[in-house]
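Structure first, then comments.
The values are calculated or read from the model by the stated rules, or taken from the named source; none is laboratory data. Since the structure is predicted, the reported quantities are computational estimates derived from the model, not experimental observations. Counting neighbours? That spans all protein chains shown, and the Cβs are built from the backbone with ideal geometry, glycine included.
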């Protein structure tokens, strides 16, 4: 384990290689699973404020799911609010391109400079997950093992991309550049 500030980081974040392979997985992490993407309180408010813009891009199925579930229903299984899901299990903020790859609407609109919200931090960090220990207040950062990401492990090995490096922008967004640089320095020694 690595400890930086009040964040406990599992060794596999420093030692595993990982690089998303969308041609292989088609963005399955956003279209499979039992829960929506975990959301922080301020993200829920941000998404609510963006809904007048987002509604113009969302499918009828997504809008119906949001009208029925709300933007951020509570999921007992993860004990947290997350993005609403379509009946297929896909995130309501997901769309498919012509090649069948799933993409995040937030990220699309962010890259087009239509909105300033990149996407939920839990999505940006994935396959890294963060949970707060209620007794210590420390955060636990760990690699979420999911078989649909097997192609990303192979691609990461082939390209020699460490998981922490793959998630650099998200880690910097969450904790800042100094935190990331400390993690990278420790990881390079391990």
Exercise. If we scan the stretch 1-9, do we find a residue that is assigned by TED's automatic domain parsing to the domain that holds residue 93, under 15 Å from residue 128 (Cα atoms) and part of a loop (DSSP other than H, G, I, E, B)?
Worked result: no
For this session: Just give me the residues in the stretch 121-143 being on the phi < 0 side of the Ramachandran plot and out of contact with any strand residue (DSSP E or B) (no Cβ under 7 Å at 6 or more places or on another chain), in sequence order.
Result: 121, 124, 125, 126, 134, 135, 136
Problem set entry | Members of the stretch 30-43 found to be outside any loop (DSSP other than H, G, I, E, B) and crowded, with 20+ Cβ neighbours inside 10 Å, listed by number | 30, 38, 43
Exercise. With respect to residue 66, is the statement that it is modelled with pLDDT of 95 or more, under 20 Å from residue 129 (Cα atoms) and outside the structural domain of residue 161 (by TED's automatic domain parsing) true?
Worked result: no
Seminar exercise, completed: Looking across the stretch 46-79 at residues that are under 18 Å from the mean Cα position of the chain (by Cα) and part of a helix (DSSP H, G or I), the single one that is farthest from residue 108 (Cα to Cα) is 46
Seminar exercise, completed: Expected single match for touching a strand residue (DSSP E or B) at 6+ places or on another chain (Cβ under 9 Å) and at pLDDT below 90 among 31, 88, 99 is 31
Seminar exercise, completed: Screening 58, 39, 3 for residues that are within 30 Å of residue 179 (Cα to Cα) and either in contact with a helix residue (DSSP H, G or I) (Cβ under 9 Å, 6 or more places away or on another chain) or in contact (Cβ under 8 Å) with a residue 60 or more places away in the chain (or both) leaves only 39
For this session: Output the strands (runs of 3 or more DSSP E) that fall wholly within the stretch 82-190 and possess 2 or more residues being in the same structural domain as residue 10 (by TED's automatic domain parsing) and under 23 Å from residue 72 (Cβ atoms), or say none.
Result: 128-132, 139-143
